[in-house]
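Heads up, the thing below is written out as structure tokens.
Every read-out reported here was derived from the displayed coordinates using simple, explicitly stated rules and does not represent laboratory data. Computed from a prediction, not measured in an experiment: that's the story for all the values here. Cβ coordinates were reconstructed from backbone atoms using ideal geometry, including for glycine residues, and neighbour counts include every protein chain displayed.
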Amino acid sequence: MNFRFLSSLPLFLLALSHAVNAADLVLNEAWVTAPLTQNSSGVAAFAVISNISQKQIAIVGASSDYAEKVQIHRIEHQQGVVKMKPVPSINIPPNQQVTLNQDGLHLMLMGLQNMPWDAKDISIQLHLDNGERLAHKFEIRGLNYKAESHHHH
Ligand SMILES: [Cu+2]
């Protein structure tokens, strides 16, 4: 019998449940785009964010070690022109989810600094209205990911 495995399992579960309780938000499909050009100064980040608590939670900001600042943006179509506008927060009602995608809300990493493009993912911190910060890994994916996203894993 493998006692080392058995003894490490409860610790892992403890860490996992603590991470969820700390914020009451669960992120899925979290990813960041590859840069448009070598000199891109900003990239967008997307995720499906679920509020598993009984109270509304607002994301009021974000940050990353690899960007001077991270803004919350919304895509708006105005007379055929696509524009991105900063918005102050993302409100997620109890037991609801919000999808950040290429057609709407997203996080914008601006003033990129030493982005590790060869890495599998980077960490982005979400700043919540209750003062908590939730760090989550965002997978680095190519720009053409959208076209492939209907494939099942
Ligand atoms: Cu943007």
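Among the numbered conditions (1) under 16 Å from SER41 (Cα atoms); (2) in contact (Cβ under 8 Å) with a residue 60 or more places away in the chain, the only one that ILE92 does not meet is (1). Screening LEU126, LEU100 for residues that are within 13 Å of the ligand (Cβ to nearest atom) and in contact (Cβ under 8 Å) with a residue 24 or more places away in the chain leaves exactly one candidate, LEU100.
For the range 39-79, which positions are farther than 17 Å from MET110 by Cα and within 16 Å of the ligand (Cβ to nearest atom)? If the condition is that a residue be farther than 17 Å from MET110 by Cα and within 16 Å of the ligand (Cβ to nearest atom), then ALA47, ILE59, GLU76, HIS77, GLN78 are the ones that fit. So which residues in the range 85-105 are in a loop (DSSP other than H, G, I, E, B) and among the β-branched types (Val, Ile, Thr), if there are any at all? The answer is VAL87, and nothing else. In the range 106-116, the qualifying residues are those that are assigned to a strand (DSSP E or B) and either surrounded by 12 or more Cβ atoms within 10 Å (Cβ to Cβ) or among the aliphatic types (A, V, I, L, M) (or both), and the one that is farthest from the ligand (Cβ to nearest atom) is LEU112.
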